[in-house]
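Structure first, commentary second.
The values are calculated or read from the model by the stated rules, or taken from the named source; none is laboratory data. Remember, predicted model here, so these are calculated numbers, not experimental data. Backbone-built Cβ (ideal geometry, glycine too); neighbour counts: all protein chains shown.
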Ligand code: MF3
Ligand code: CO
(Lines give C-alpha, C1' and ligand atoms only; values in the text may rest on other atoms or scores of the structure.)
(Ligands and ions follow the chains in the order given, each with its own letter.)
Protein backbone atom coordinates (compact mmCIF):
# COMPACT_ATOMS: atom_id res chain seq x y z
CA UNK A 1 0.00 0.00 0.00
CA UNK A 2 1.23 3.47 -0.86
CA UNK A 3 0.98 5.67 2.27
CA UNK A 4 -1.39 8.63 1.98
CA UNK A 5 -0.35 11.55 4.17
CA UNK A 6 -2.92 13.47 6.20
CA UNK A 7 -2.78 17.25 6.69
CA UNK A 8 -0.67 17.01 9.82
CA UNK A 9 1.83 14.72 8.10
CA UNK A 10 1.92 16.99 5.06
CA UNK A 11 2.79 19.94 7.30
CA UNK A 12 5.73 17.90 8.61
CA UNK A 13 6.78 16.89 5.10
CA UNK A 14 6.74 20.52 3.96
CA UNK A 15 9.14 21.35 6.77
CA UNK A 16 11.60 18.50 6.26
CA UNK A 17 11.60 19.03 2.49
CA UNK A 18 12.22 22.77 2.84
CA UNK A 19 15.16 21.98 5.12
CA UNK A 20 16.56 19.47 2.61
CA UNK A 21 16.19 22.09 -0.14
CA UNK A 22 17.83 24.84 1.90
CA UNK A 23 20.79 22.61 2.71
CA UNK A 24 21.16 21.62 -0.93
CA UNK A 25 21.04 25.27 -2.01
CA UNK A 26 23.76 26.11 0.50
CA UNK A 27 26.03 23.32 -0.74
CA UNK A 28 25.51 24.22 -4.40
CA UNK A 29 26.86 27.69 -3.69
CA UNK A 30 30.11 26.21 -2.33
CA UNK A 31 30.97 24.12 -5.40
CA UNK A 32 34.13 25.39 -7.11
CA UNK A 33 37.45 24.01 -8.33
CA UNK A 34 39.82 23.16 -5.44
CA UNK A 35 37.20 22.20 -2.85
CA UNK A 36 37.15 18.59 -1.60
CA UNK A 37 34.00 16.48 -1.37
CA UNK A 38 34.72 16.26 2.37
CA UNK A 39 34.48 20.07 2.55
CA UNK A 40 30.96 19.75 1.11
CA UNK A 41 30.18 16.98 3.61
CA UNK A 42 31.23 19.13 6.53
CA UNK A 43 29.21 22.10 5.30
CA UNK A 44 26.23 19.79 4.79
CA UNK A 45 26.51 18.26 8.22
CA UNK A 46 26.66 21.73 9.81
CA UNK A 47 23.72 23.06 7.76
CA UNK A 48 21.53 20.07 8.62
CA UNK A 49 22.32 20.50 12.33
CA UNK A 50 21.66 24.25 12.15
CA UNK A 51 18.14 23.46 10.88
CA UNK A 52 17.55 21.17 13.85
CA UNK A 53 17.39 18.16 11.53
CA UNK A 54 19.34 14.92 11.16
CA UNK A 55 20.91 13.32 8.10
CA UNK A 56 18.87 10.29 7.02
CA UNK A 57 21.95 9.01 5.18
CA UNK A 58 24.31 8.82 8.16
CA UNK A 59 24.19 5.27 9.47
CA UNK A 60 21.67 4.23 6.81
CA UNK A 61 21.89 0.48 6.60
CA UNK A 62 21.86 -1.71 3.52
CA UNK A 63 22.60 -5.32 4.42
CA UNK A 64 25.41 -5.22 6.96
CA UNK A 65 26.84 -1.85 5.86
CA UNK A 66 26.12 1.53 7.33
CA UNK A 67 26.61 4.65 5.23
CA UNK A 68 29.46 6.63 6.83
CA UNK A 69 28.60 10.23 5.89
CA UNK A 70 25.84 12.84 6.16
CA UNK A 71 25.71 13.63 2.45
CA UNK A 72 26.17 11.73 -0.81
CA UNK A 73 28.60 13.48 -3.16
CA UNK A 74 29.14 11.82 -6.55
CA UNK A 75 31.68 13.11 -9.07
CA UNK A 76 31.67 12.58 -12.88
CA UNK A 77 31.05 8.87 -13.62
CA UNK A 78 29.80 8.29 -10.08
CA UNK A 79 26.02 7.92 -10.35
CA UNK A 80 24.95 8.04 -6.68
CA UNK A 81 26.08 7.36 -3.11
CA UNK A 82 29.61 8.71 -3.51
CA UNK A 83 31.28 8.86 -0.10
CA UNK A 84 32.87 12.26 0.63
CA UNK A 85 36.66 12.24 0.94
CA UNK A 86 39.49 14.68 1.65
CA UNK A 87 41.32 13.10 -1.29
CA UNK A 88 38.61 13.90 -3.83
CA UNK A 89 39.28 17.44 -5.00
CA UNK A 90 36.87 18.97 -7.51
CA UNK A 91 38.54 20.16 -10.72
CA UNK A 92 37.48 22.58 -13.43
CA UNK A 93 35.34 20.63 -15.93
CA UNK A 94 33.99 18.09 -13.42
CA UNK A 95 30.35 17.63 -12.55
CA UNK A 96 29.24 16.87 -9.00
CA UNK A 97 25.96 15.46 -7.71
CA UNK A 98 24.84 16.51 -4.25
CA UNK A 99 22.17 14.31 -2.66
CA UNK A 100 20.67 15.51 0.63
CA UNK A 101 18.20 13.50 2.70
CA UNK A 102 17.13 14.93 6.05
CA UNK A 103 14.84 13.80 8.82
CA UNK A 104 13.02 16.36 10.94
CA UNK A 105 10.50 15.38 13.61
CA UNK A 106 10.28 11.92 12.06
CA UNK A 107 9.63 13.05 8.47
CA UNK A 108 12.06 12.80 5.59
CA UNK A 109 12.81 15.14 2.68
CA UNK A 110 14.99 13.99 -0.23
CA UNK A 111 16.51 16.02 -3.05
CA UNK A 112 19.51 16.05 -5.34
CA UNK A 113 21.11 18.15 -8.04
CA UNK A 114 24.11 17.86 -10.35
CA UNK A 115 26.16 21.00 -10.88
CA UNK A 116 29.13 21.96 -13.03
CA UNK A 117 32.52 22.67 -11.47
CA UNK A 118 33.89 25.69 -13.33
CA UNK A 119 33.47 25.38 -17.08
CA UNK A 120 32.25 22.03 -18.45
CA UNK A 121 32.15 20.60 -21.97
CA UNK A 122 28.99 21.39 -23.99
CA UNK A 123 28.15 17.67 -24.25
CA UNK A 124 28.08 17.42 -20.46
CA UNK A 125 26.08 20.64 -20.15
CA UNK A 126 23.49 19.02 -22.36
CA UNK A 127 23.48 15.86 -20.20
CA UNK A 128 22.65 18.01 -17.16
CA UNK A 129 19.97 19.95 -19.02
CA UNK A 130 18.25 16.84 -20.38
CA UNK A 131 18.31 15.07 -17.00
CA UNK A 132 16.75 18.08 -15.27
CA UNK A 133 14.16 18.31 -18.05
CA UNK A 134 13.40 14.60 -17.55
CA UNK A 135 12.80 15.29 -13.85
CA UNK A 136 10.40 18.14 -14.76
CA UNK A 137 8.51 15.90 -17.18
CA UNK A 138 8.29 13.16 -14.55
CA UNK A 139 7.04 15.60 -11.91
CA UNK A 140 4.37 16.87 -14.31
CA UNK A 141 2.98 13.31 -14.52
CA UNK A 142 2.58 13.06 -10.74
CA UNK A 143 -1.14 13.84 -11.07
CA UNK A 144 -4.16 12.34 -9.37
CA UNK A 145 -5.65 9.69 -11.65
CA UNK A 146 -2.40 9.04 -13.52
CA UNK A 147 -0.26 5.98 -12.82
CA UNK A 148 3.31 5.59 -11.60
CA UNK A 149 4.29 4.20 -15.03
CA UNK A 150 3.34 7.55 -16.58
CA UNK A 151 6.15 9.17 -14.58
CA UNK A 152 8.59 6.41 -15.56
CA UNK A 153 7.70 6.51 -19.22
CA UNK A 154 7.91 10.31 -19.52
CA UNK A 155 11.42 10.24 -18.05
CA UNK A 156 12.61 7.35 -20.19
CA UNK A 157 11.27 8.84 -23.44
CA UNK A 158 13.01 12.15 -22.92
CA UNK A 159 16.33 10.63 -21.84
CA UNK A 160 16.52 7.94 -24.51
CA UNK A 161 15.30 10.41 -27.13
CA UNK A 162 18.63 12.15 -26.58
CA UNK A 163 20.58 8.89 -26.83
CA UNK A 164 21.51 8.69 -23.15
CA UNK A 165 21.37 5.69 -20.84
CA UNK A 166 18.71 5.79 -18.12
CA UNK A 167 19.96 3.97 -15.03
CA UNK A 168 17.83 0.96 -14.09
CA UNK A 169 19.56 -0.34 -10.97
CA UNK A 170 18.24 2.45 -8.78
CA UNK A 171 14.77 3.95 -8.72
CA UNK A 172 12.76 6.81 -7.28
CA UNK A 173 10.51 6.05 -4.32
CA UNK A 174 7.81 7.10 -1.94
CA UNK A 175 9.25 9.03 1.00
CA UNK A 176 7.90 10.10 4.37
CA UNK A 177 8.28 8.29 7.66
CA UNK A 178 11.09 6.29 6.10
CA UNK A 179 13.49 7.17 3.29
CA UNK A 180 12.18 4.48 0.96
CA UNK A 181 8.45 3.82 1.06
CA UNK A 182 6.18 2.36 -1.54
CA UNK A 183 5.95 2.82 -4.46
CA UNK A 184 9.15 2.22 -6.40
CA UNK A 185 9.38 4.74 -9.24
CA UNK A 186 11.64 3.39 -11.99
CA UNK A 187 12.97 5.86 -14.53
CA UNK A 188 11.87 3.55 -17.32
CA UNK A 189 8.54 1.87 -17.93
CA UNK A 190 5.21 1.94 -19.70
CA UNK A 191 2.49 4.52 -19.69
CA UNK A 192 -0.70 3.33 -18.00
CA UNK A 193 1.08 0.77 -15.83
CA UNK A 194 1.69 0.59 -12.10
CA UNK A 195 -0.23 2.00 -9.15
CA UNK A 196 -2.84 4.70 -9.59
CA UNK A 197 -1.78 8.08 -8.13
CA UNK A 198 -4.01 9.50 -5.39
CA UNK A 199 -3.90 12.79 -3.50
CA UNK A 200 -1.58 12.90 -0.48
CA UNK A 201 1.30 10.80 -1.81
CA UNK A 202 4.82 12.12 -1.26
CA UNK A 203 7.14 10.86 -3.97
CA UNK A 204 10.87 11.25 -4.60
CA UNK A 205 11.34 11.35 -8.36
CA UNK A 206 14.98 11.04 -9.38
CA UNK A 207 16.24 10.33 -12.89
CA UNK A 208 19.86 9.10 -13.00
CA UNK A 209 21.25 9.44 -16.51
CA UNK A 210 24.53 8.31 -18.06
CA UNK A 211 26.08 9.99 -21.09
CA UNK A 212 26.87 6.46 -22.31
CA UNK A 213 25.19 3.14 -21.54
CA UNK A 214 22.69 2.62 -18.71
CA UNK A 215 24.67 -0.09 -16.93
CA UNK A 216 26.25 0.58 -13.57
CA UNK A 217 28.65 -1.14 -11.22
CA UNK A 218 29.41 -0.87 -7.53
CA UNK A 219 32.85 0.20 -6.32
CA UNK A 220 34.66 -1.90 -3.71
CA UNK A 221 33.64 0.58 -0.96
CA UNK A 222 30.21 -1.06 -1.18
CA UNK A 223 28.37 2.26 -1.76
CA UNK A 224 29.57 4.22 -4.75
CA UNK A 225 27.61 3.35 -7.88
CA UNK A 226 29.41 4.28 -11.12
CA UNK A 227 28.55 4.17 -14.82
CA UNK A 228 29.95 0.82 -16.01
CA UNK A 229 31.48 2.42 -19.12
CA UNK A 230 32.97 5.32 -17.11
CA UNK A 231 30.80 7.95 -18.81
CA UNK A 232 29.65 11.03 -16.85
CA UNK A 233 26.36 10.65 -14.98
CA UNK A 234 23.75 13.18 -13.84
CA UNK A 235 21.14 12.99 -11.07
CA UNK A 236 18.30 15.40 -10.24
CA UNK A 237 15.69 14.75 -7.57
CA UNK A 238 12.71 16.44 -5.94
CA UNK A 239 10.17 15.30 -3.37
CA UNK A 240 6.67 16.08 -4.69
CA UNK A 241 3.24 16.05 -3.03
CA UNK A 242 0.32 14.92 -5.16
CA UNK A 243 -2.78 17.11 -4.73
CA UNK A 244 -6.17 17.47 -6.40
CA UNK A 245 -4.77 20.70 -7.88
CA UNK A 246 -1.70 18.98 -9.35
CA UNK A 247 1.85 18.18 -8.26
CA UNK A 248 3.41 20.41 -5.61
CA UNK A 249 7.18 20.27 -5.38
CA UNK A 250 8.08 20.29 -1.68
CA UNK A 251 11.86 20.53 -1.96
CA UNK A 252 11.97 24.24 -2.75
CA UNK A 253 14.30 26.42 -0.66
CA UNK A 254 12.51 28.88 1.61
CA UNK A 255 13.22 30.76 4.81
CA UNK A 256 12.15 28.67 7.79
CA UNK A 257 10.60 30.63 10.63
CA UNK A 258 11.31 29.49 14.15
CA UNK A 259 8.15 28.28 15.86
CA UNK A 260 6.58 30.96 18.01
CA UNK A 261 6.01 29.76 21.57
CA UNK A 262 5.31 33.06 23.28
CA UNK A 263 1.85 34.61 23.23
CA UNK A 264 1.59 38.33 22.51
CA UNK A 265 0.03 40.31 25.34
N1 LIG B 1 18.77 9.72 -1.96
C2 LIG B 1 19.50 8.49 -1.74
C3 LIG B 1 18.55 7.33 -1.90
O4 LIG B 1 17.35 7.54 -1.98
C5 LIG B 1 20.13 8.59 -0.39
C6 LIG B 1 20.75 7.37 0.08
S7 LIG B 1 21.48 7.62 1.61
C8 LIG B 1 22.65 6.40 1.65
O9 LIG B 1 18.96 6.19 -2.04
F10 LIG B 1 22.94 6.26 2.89
F11 LIG B 1 22.16 5.26 1.16
F12 LIG B 1 23.64 6.75 0.94
CO1 CO C 1 15.94 9.37 -3.21
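Of the residues screened, residue 221 is one that is within 16 Å of ligand 1 (Cβ to nearest atom) and either more than 30 Å from residue 63 (Cα to Cα) or surrounded by fewer than 16 Cβ atoms within 10 Å (Cβ to Cβ) (or both). Just one residue in the set 83, 89, 95 is within 14 Å of ligand 1 (Cβ to nearest atom) and either surrounded by fewer than 20 Cβ atoms within 10 Å (Cβ to Cβ) or more than 14 Å from the chain's Cα centre (by Cα) (or both); that residue is 83.
Looking at this structure, is residue 106 modelled with pLDDT of 95 or more, touching a strand residue (DSSP E or B) at 6+ places or on another chain (Cβ under 8 Å) and either within 30 Å of residue 243 (Cα to Cα) or within 16 Å of ligand 2 (Cβ to nearest atom) (or both)? No: the conditions fail for residue 106. Taking the criterion of being in a loop (DSSP other than H, G, I, E, B) and either within 14 Å of ligand 2 (Cβ to nearest atom) or without any contact (Cβ under 8 Å) to a residue 60 or more places away in the chain (or both), would at least one residue in segment 149-160 satisfy it? No, segment 149-160 has no match at all.
The residue list 241, 250 contains one member that is modelled with pLDDT of 95 or more, closer than 21 Å to residue 173 by Cβ, within 15 Å of ligand 1 (Cβ to nearest atom) and surrounded by 13 or more Cβ atoms within 10 Å (Cβ to Cβ), which is 250. Scan segment 62-98 for residues that are more than 16 Å from residue 116 (Cα to Cα) and either away from ligand 2 (no atom under 16 Å from the Cβ) or assigned to a loop (DSSP other than H, G, I, E, B) (or both) and the total you get is 16. Does residue 200 satisfy the criteria of being buried (at least 16 other Cβ atoms within 10 Å of the Cβ), farther than 20 Å from residue 130 by Cα, more than 16 Å from ligand 1 (Cβ to nearest atom) and more than 20 Å from the chain's Cα centre (by Cα)? No; evaluated as a whole, the condition is false for this residue. Among the residues of segment 176-231, those that are in a strand (DSSP E or B), under 30 Å from residue 145 (Cα atoms) and within 16 Å of ligand 2 (Cβ to nearest atom) comprise 181, 182, 183, 184, 185, 202, 203, 204, 205, 208, 209.
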